Amino acid sequence: MNVHRFSSNPLRWFRRWLLALVLLNIAARLPLVWDPAAVRNDGAEYLAIARSLQTTGRYATDLKYHFYTDDPVRHLAWADRPPLYPFFAVLCARAAPPLDPTAAARLGNVLAACVALVFAALSLRRIYSERITLLAIGYTFLLPNVLYWTTQPMTESLSLALSFGALFLWLPPSWNVPVSARRALGAGLLAGLTYLTRPTGGLLLAAFTLDALRRREGRRLVPLVAGFCLMAAPYHLLLWRLYGSPFHSSLGYTFSVSTYYEVTYYGFERPMLSTLEYLRAHWQDVPLLVLRQAWNHFQSLFFPLLGFWPLALRFRRSTLAGEAWPHAALVLLTIGVHTAVWSAWGSTRYFILCLPLLAVALLNAVDSEVAPPDSWRRAASLLTALSFVGLGVSLVQFYAREARPDRGLPALPAWREAAAKVQDASLIATDRPATLNLLTQKPAVMLPRTTDVAQLRRFTRKYRPEVLVLFVSEPEVAAAERMAAAWRAGRLPPGWRLAEDTGRMLIARR
């Protein structure tokens, strides 16, 4: 590849292949958007807020999935989730009224993913050759993991589109051309919108700031930061007015527990520690927790690009001294920040933005200005071909799983059955509150996993659910099985009885 090679206009074949990739990505994602039971917990939370926006006009939720705060089941949700995606989901529902709101939001994510693909291609093409750009984008956007998460009603697709849009605006058409004030302002605005989609959008601002200082273009920090603050500041001012702190967040438990189970399944009546109190009591555990996260994140980045990593043997550090430097900074910041959050689930979805940036850099190692040996080119071509063959095999396996009635989620039939059986309840307590809230559109609260009848009695008195639903499934199966055994032995609060027991699902009623 010619690292500093630029074309004044997209080549006709580049436009055609890019259009083909967009159509292929739409076709690959469309089969995945229609089943609401397959929506993950975070997606159900966003949709609960969107439902409230659409029906009442309030940014609120009727879902309580943790006990970090003492909020009632129905409460304002400004501190629960960043606000942009629920508004996006409402726009999708209004743009496609014949569709179920869940399907409409997921279809909107399909289109946002394709917008992200286009921005990624246009941005990377300014640094790398058209061929390498299309190979990297074509491969990474069709990875099963990327297909799955970008069709969930969550922030992945929207944040990808905004992030690559910000990168496209920030990177000038040539290294010799300084970043204009207009481009810096636009990049700041999109970075601010990304931040309103998910907090790690702030890493764009950090990467652009470092790049401006490296370029010795500090004057561009003014429009960059101004654009970011123009988007982000009103949200923090609202938090300050509502909660007394501009940085109040219901996700504040992240640095105060070892695992989020401590505020969900086992959080009821559990005294919460501040971050400082937690660190004083558990400082010796934190390094191991961070190492565990580092291992999870290594796997998230290593295995999807397994066939490309040998190409790093010819990686040239000079590439990162030029236009690709903001990409490297963004990848390192993303890995570092997510690894430091030791209590979060180490999900592969956190690194979708990194995959195209890493793939194109690895492929570039054999398409550089310094011609590699023919033997290396042949080896690189073989590795690339094998990677795409592996992609094809993984896609066949992925769609075979998605075609199953349970969508690869063994507990999914039980979720559907429970939703049908508790539709009459006005408030549900369950260890899958997000799922049943979405499927029934009824208020739901997390059911503590406890065999302490007195504690369960205090819980039912406080939240007054009409039905209790326990699933004997992941996570923490052993705890769920102990609780199920207690229910079968009659250890329920006074006035409650075990109404149904299917083995994997238990329902208790008054």
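Taking amide H as placed 1.01 Å from N in the peptide plane, the amide H of residue 472 sits under 5 Å from that of 505, 506, each at least 5 places away or on another chain.
Report, as a whole number in µm² per second, the diffusion coefficient that Stokes-Einstein gives for the chain at 20 °C and 1.002 mPa s using the Kirkwood radius over alpha carbon pairs.
On the way: Rh = 24.6 Å.
Rounded, D is 87 µm²/s.
How charged is the neighbourhood of residue 35? Take every other residue with its Cβ under 14 Å from the Cβ of residue 35, and add Lys/Arg as +1 and Asp/Glu as -1. Display every interim value, and only then the final one.
Values: positive: 29, 40, 106, 401, 404, 407, 416; negative: 100, 402, 406.
It works out to a net charge of +4.
Sequence-distant contacts, meaning Cα pairs under 8 Å at least 6 residues apart, place the relative contact order of the range 5-81 at 17 percent. Residues with amide H under 5 Å of residue 344's amide H, sequence separation 5 or more or different chain, H placed in the peptide plane at 1.01 Å from N; which? Under 5 Å from the amide H of residue 344 lies no amide H from a residue far enough along the sequence or on another chain. Neighbours of residue 56 by Cβ distance under 14 Å: Lys/Arg scored +1, Asp/Glu scored -1, total +2.
Can you give the extra length, in nm with one decimal, that the chain gains between residue 87 and residue 376 once fully stretched, where that is 0.36 nm per residue apart less the Cα-Cα distance?
Answer, rounded to one decimal: 99.1 nm.
Based on protein heavy atoms only, the range 62-142 ends up with 32 Å² per residue of surface accessible to a 1.4 Å probe. Packing, taken as the mean count of other beta carbons within 10 Å per residue, orders the peptides 156-167, 42-53 from highest to lowest as 156-167, 42-53. Expressed as a whole percent, the accessible area of the range 145-240 that falls on carbon and sulfur atoms is 72 (1.4 Å probe). Other residues lying with their Cβ under 14 Å from the Cβ of residue 252 contribute a combined charge of -4, Lys and Arg counting +1, Asp and Glu -1.
Note on the chain: dipole from Cβ charges, positive end direction compared against 344, 224, 496; the farthest Cα belongs to 224.
Sequence gap at least 6, Cα distance under 8 Å: using those rules, report the relative contact order of the chain to the nearest whole percent.
17 percent
Proximity of backbone amide H atoms, modeled 1.01 Å from N, is registered between residue 467 and 427, 429 at under 5 Å, excluding neighbours fewer than 5 places apart on the same chain. Distance between the pseudo-spin-label points of residue 488 and residue 417 (7 Å out from Cα toward the beta carbon): 1.4 nm.
Report the Rg/Rh value for the range 30-133, based on alpha-carbon coordinates and the Kirkwood definition of Rh.
Rg divided by Rh gives 1.10.
For residue 462, the lysines whose Cα comes closer than 23 Å to its Cα, not counting residues fewer than 8 places off in the same chain, are 64, 442. The gain in end-to-end length when the residue 466 to residue 441 segment is fully stretched comes to 7.5 nm, 0.36 nm per residue minus the alpha carbon separation.
By the helix-only formula, in which each DSSP H run with n ≥ 4 contributes -39500 (n - 2.57) and the sum is divided by residues, the chain has a 222 nm mean residue ellipticity of -17500 deg cm²/dmol. About the Cα centre of the chain, what is the dipole size in debye to 20, counting +1 per Lys and Arg Cβ and -1 per Asp and Glu Cβ, all else neutral? Value, rounded to 20: 660 debye.
Over all orientations, the range 134-243 has a Cα convex hull whose mean projected area works out to 8.4 square nanometres. Helices in the chain that qualify as membrane-span-like (whole DSSP H runs, Cα extent of at least 18 Å along the helix axis, mean Kyte-Doolittle hydropathy of -1.0 or higher) are 12-29, 41-56, 101-124, 156-170, 181-197, 202-215, 221-243, 286-302, 325-340, 374-402.
Please name whichever of 286, 272, 235 sits farthest to the positive end of the charge dipole of the range 165-298, dipole taken about the Cα centre and charges placed at Cβ: Lys and Arg +1, Asp and Glu -1. In the range 165-298, that residue is 235.
Averaged over its residues, the range 328-457 has an accessible area of 39 Å² per residue, based on protein heavy atoms and a 1.4 Å probe.
Express the carbon and sulfur contribution to the solvent-accessible surface of the range 33-84 as a percent, rounded to the nearest whole number, probe 1.4 angstrom.
It is 52 percent, rounded to a whole number.
In this structure, residue 455 and residue 226 have a Cβ-Cβ separation that, at R0 = 56 Å, corresponds to a calculated FRET efficiency of about 0.65. Between 418, 384, 363, the Cα set farthest toward the positive side of the dipole of the range 354-450 (charges on each charged residue's Cβ, about the Cα centre) is that of 418.
Given N residues in the range 406-510, what is Rg(Cα) / (2.2 N^0.38 Å)? With N residues counted in the range 406-510, Rg over 2.2 N^0.38 Å equals 0.97. Based on C-alpha pairs under 8 angstrom that are at least 6 apart in sequence, the range 55-180 has a relative contact order of 23 percent. Net charge dipole, the range 186-321: roughly 780 debye, given to the nearest 20, about the Cα centre with Cβ charges of +1 for Lys and Arg and -1 for Asp and Glu. In this Cβ point-charge picture (+1 for Lys and Arg, -1 for Asp and Glu), the range 31-139 has a dipole of about 360 debye about its Cα centre.
The values are calculated or read from the model by the stated rules, or taken from the named source; none is laboratory data. Please read all numbers here as calculations on a predicted model, not as lab measurements. Because the Cβ atoms are built from the backbone with ideal geometry, glycine has one as well, and the counts that use them run over all protein chains shown. For accessibility, only protein heavy atoms count, side chains too; no ligands or nucleic acids. Shrake-Rupley method; radii C 1.70, N 1.55, O 1.52, S 1.80 Å.
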